[in-house]
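Report on one structure; see the data block that follows.
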Amino acid sequence: MTFGTEKPRVLDGIAIAAEIKAEVAQQVTEALAQGYTPGLAVILVGEVPASQIYVRSKVKTCGELGIYSEMLTPVAESTTEELLALVDSLNKRDDIDGILIQLPLPAHVDTNKLLDAVLPEKDVDGFHPINAGRLLSGASPDEVLAPCTPAGIIEVLKRSKIAIAGQNAVVIGRSNIVGKPVASMLINESATVTICHSKTKDLPAVTREADILIAAIGRPGFVTADMVKPGATIIDVGINRLDKAEDVERFFPGNEKRREGFEKRGSSIVGDVDPAAFAVSSAFTPVPGGVGALTIAMLMSNTVKAAKLRRKS
Ligand code: GUN
């Protein structure tokens, strides 16, 4: 099924991220002229391969934009108290504007206690209850450190000139990292918002009401074409690894490029939306190349924002 005769628009996260990063680089130049360098500290506990890849990428992007960065790598056996002491030392440093604790943390660490210990003004992940509360209270986007992936979603919609005010937005997933904050941000933008989760009754009936459908559940190809209102905008937040050839063929039937990539790497990536469902939409974010690209750009943006807000510059 297609919406009218138009092909859906592909919302190019990589291009939008590049635009944002260029703006951040300009702000870094302005900060340097005022006598300071924005600085980010990233804490990576233990050796989780996926987290190592993300963290390296965050540090590399800092370097590209002129942001000072430090990567701290306490061992997996570190106690909550040891990590609290590390956060405290970073809180006290004037050259560090942003502190990011890469999640997930080892099971024995008290994640909430640690996230709460980050000074709200250095909380570039936007996970501190003070920042979550400010977002919920409708703080202006210029004054609050909002979580990076939700902030990236709002940027994609705005920069792609997709109307938010008055639209029905349906969010699938109620995580603290994506679902709940993006719902708050959409409410602040005057959308009518529904949050769905595993206990939602007749999910397809709810999602079919969405003008903007946001999938953030971490299940490969979960959103199927029958769940999408023709002409909706789909934002696919999922990054799911497929490691069986039959799954790649199921989601990308007859797609030679995907098959070749899978044969070379032994895996392929699919979002939370079945690629067949995109054809029903008027615009969608692809996976890869959609929302994922925005997360790091927004982290850079938050670091510069934190530096400015702290210095009131
Ligand atoms: N792990 C997965 N996503 C995120 C994120 O946005 N921030 C942090 N700190 N860890 C994550």
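The values are calculated or read from the model by the stated rules, or taken from the named source; none is laboratory data. It should be emphasised that the depicted structure is a prediction, and the values quoted were computed from it without experimental measurement. Note that we place each Cβ from the backbone using ideal geometry, even for glycine, and neighbour counts take in every protein chain shown.
Descriptive notes on the structure:
- Restricted to the range 217-285, the set of helices (runs of 4 or more DSSP H) holding at least 2 residues that are at pLDDT 95 or above and within 25 Å of Ala151 (Cα to Cα) comprises 275-278.
- Tabulated pairs, the range 158-179, first over 20 Å from Val10 (Cα atoms), second in a loop (DSSP other than H, G, I, E, B) and β-branched (Val, Ile, Thr), C-beta under 7 angstrom, 6+ apart or interchain: Ile172/Ile217; Gly173/Ile217; Val178/Val237
- Listed by first and then second residue, the pairs with beta-carbon distance under 6 Å, at least 6 apart or on different chains, first residue in the range 96-107 and within 13 Å of Val55 (Cα to Cα) and of a type in the set (Val, Ile, Thr), second more than 9 Å from the ligand (Cβ to nearest atom) and in a loop (DSSP other than H, G, I, E, B), are Ile99/Val118.
- One residue from Ala132, Ala165, Ala151 being at pLDDT 95 or above, outside any loop (DSSP other than H, G, I, E, B) and surrounded by fewer than 24 Cβ atoms within 10 Å (Cβ to Cβ): Ala132
- Answer residue from the range 41-82, given it is within 16 Å of Thr111 (Cα to Cα) and touching a residue at least 60 places away in the same chain (Cβ under 8 Å) and is surrounded by the fewest Cβ atoms within 10 Å (Cβ to Cβ) among those: Gly46
- Residue within the range 250-261 that is in contact with a helix residue (DSSP H, G or I) (Cβ under 9 Å, 6 or more places away or on another chain) and basic (Lys, Arg) present: yes
- Residues located in the range 83-108, provided they are out of contact with any helix residue (DSSP H, G or I) (no Cβ under 7 Å at 6 or more places or on another chain), over 13 Å from Leu44 (Cα atoms) and surrounded by 15 or more Cβ atoms within 10 Å (Cβ to Cβ): Leu90
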